[in-house]
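Student: Input: one structure, supplied below.
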2 protein chains.
Amino acid sequence: MTGFVLNERLEADTHLVSELEVCSLRLMDDARWPWLILVPRLSNIAEWHDLSKGQRMMVDDEVARTGKALQALSNCEKLNIANIGNMVRQMHIHVIARNEGDDNWPGPVWGFGQREPYDIDSARKFIETFRAEFS
Amino acid sequence: MTGFVLNERLEADTHLVSELEVCSLRLMDDARWPWLILVPRLSNIAEWHDLSKGQRMMVDDEVARTGKALQALSNCEKLNIANIGNMVRQMHIHVIARNEGDDNWPGPVWGFGQREPYDIDSARKFIETFRAEFS
């Protein structure tokens, strides 16, 4: 896992939640939806099939745990889980809680409108609540 | 795997490519992007964490193989891999080849414009070419 440097844009747009075994788990700084991303601390990985089978299993476990906790926390109607990467190639996986009537429902969140950053207390509260659910 | 019935809308919007070990692999009938979906033949599964770890590993292998073949075939710039399910709850995973300048790049494909069905010869050709690459 040497040589990993978090992409500048991902760093600027997120708050750290937790360093998991493989991924950096981060809160997207957009209060419109409960939205986490997982960034595997691996270099030069853009596509899912660039990961070895063992790496995929480890990342996948962290994705599933994140999704389960986010659904429990948010009581959402549906999770949206995705690796897109059209803007930022560094592998990152979105885990987003969606509900009927939220911004752009049932359309996707990516590219919709303008990001609405959390105030710092709200971000901290979300992160603490999520950590408690996740552990 | 008893009790699985493919969702009507997924059936209407896709062409069968192959029945894999766990998933039904299908071509989205939209010629704007090379776009496949994988539907695990399992009942009452909506979320990724609803799958057992063993099921996730099997589905994940089929997703990774599909992505690798689709990238090789299309020479695309980036794959978009996602479980959204806001419209259709039955678990299905999108694997889409994206390129700079394609429709709505770098935005997402879901909910963008109107579907453009393949003519039957083009769909058949895509499916044959994909099967050859996949095998």
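The values are calculated or read from the model by the stated rules, or taken from the named source; none is laboratory data. On a predicted model such as this, the values are computed, not experimentally measured, just so you know. Reconstructed Cβ throughout: ideal geometry from the backbone, glycine too, with neighbour counts over all protein chains shown. Quick note on the areas: whole protein, heavy atoms, side chains included, nothing else; ligands and nucleic acids left out. Shrake-Rupley method; radii C 1.70, N 1.55, O 1.52, S 1.80 Å.
Student: Looking at the range A:20-69 from every direction and averaging, what is the projected area of its Cα convex hull in nm²? The partial results should precede the final answer.
Tutor: Values: hull surface 15.6 nm².
Result: 3.9 nm².
Student: Counting helices only, and only those DSSP H runs with n ≥ 4, report the 222 nm mean residue ellipticity of chain B as the sum of -39,500 (n - 2.57) divided by its residues, in deg cm²/dmol to the nearest 500. List each step's numbers first, then the result.
Tutor: Numbers: 3 runs with 43 residues, N = 135.
Estimated from H runs of four or more residues: -10500 deg cm²/dmol.
Student: When the accessible area of the range A:1-90 is split by element with a 1.4 Å probe, what percent falls to carbon and sulfur? Write out the running numbers ahead of the final one.
Tutor: Numbers: 1790 of 3660 Å².
About 49 percent, which is the carbon plus sulfur part of the accessible surface.
Student: Would you kindly work out the equivalent ellipsoid of the protein assembly as shown from its C-alpha gyration tensor and give its semi-axes, the square roots of five times the eigenvalues, largest first in whole Å? Provide the component values of the computation, followed by the final result.
Tutor: Numbers: eigenvalues 173, 77, 74 Å².
In descending order, the three semi-axes are 29, 20, 19 Å.
Student: Between helix B:53-74 and chain B, what is the angle of the helix's C-alpha long axis to the longest principal axis, kept within 0 to 90° and rounded to the nearest 10?
Tutor: Computed tilt is about 10 degrees.
Student: A further question on this structure: Check cross-link reach from A:Lys68 to the lysines: straight Cα distance under 21 Å, and skip same-chain residues fewer than eight apart.
Tutor: Candidates past the 8-residue exclusion: A:Lys78, A:Lys125, B:Lys53.
Student: How many nm is it between the label spots at A:Arg124 and B:Arg89, if each spot is 7 Å from the Cα in line with the beta carbon?
Tutor: A separation of 3.9 nm, rounded to one decimal place.
Student: Which Cβ of chain A lies nearest the axis of the rotation superposing A onto B, and at what whole-Å distance?
Tutor: Closest Cβ to the A-to-B rotation axis, residue and whole-Å distance: A:Ala82, 2.
Student: Each residue of the range A:120-135 in turn: what ³J(HN,Hα) in whole Hz from Karplus with 6.51, -1.76, 1.60 and θ = phi - 60°, glycine and Pro shown as x?
Tutor: 5, 5, 5, 4, 4, 5, 4, 5, 5, 5, 5, 4, 5, 5, 6, 7
Student: Please tell me the relative contact order of chain A in percent, rounded to the nearest whole number, where contacts are Cα pairs under 8 Å and at least six residues apart.
Tutor: 27 percent
Student: Continuing with the same structure: Can you give me the P(r) profile for the range B:1-125? Cα pairs, bins 5 angstrom wide beginning at 0, each as a whole percent.
Tutor: That works out to 2, 10, 21, 25, 21, 13, 6, 1, 0, in percent per bin.
Student: Right, next: So if I take the centroid of the Cα atoms in the range B:86-113 and the same for the range B:8-79, what is the distance between those two points in Å?
Tutor: Computed from Cα coordinates, the inter-centre distance equals 13 Å.
Student: Using only the Cα atoms of the range B:71-126, construct the convex hull and provide its projected area averaged over every direction, in square nanometres to one decimal. Mind dumping the intermediate values first?
Tutor: Working: hull surface 19.3 nm².
The Cα convex hull of the range B:71-126, projected and averaged over all directions, gives 4.8 nm².
Student: Assign unit charges at the C-beta atoms only (+1 for Lys and Arg, -1 for Asp and Glu), then state the dipole size of the protein assembly as shown relative to its Cα centre in Debye, rounded to the nearest 20. Before the final figure, lay out each step's value.
Tutor: Details: 30 positive and 42 negative charges, 90 e Å.
Taking the Cα centre of the protein assembly as shown as origin, the dipole is about 440 debye.
Student: Hey, what's the protein assembly as shown come to in accessible area per residue, 1.4 Å probe, Å²? List each step's numbers first, then the result.
Tutor: Details: 12400 Å² over 270 residues.
Result: 46 Å² of accessible area for each residue.
Student: Given a 1.4 Å probe and no ligands, DNA or RNA in the count, how much accessible surface is buried by A and B, both sides, to the nearest 100 Å²?
Tutor: Details: alone 7690 and 7690 Å², together 12400 Å².
Looking at A and B, the buried total is near 3000 Å².
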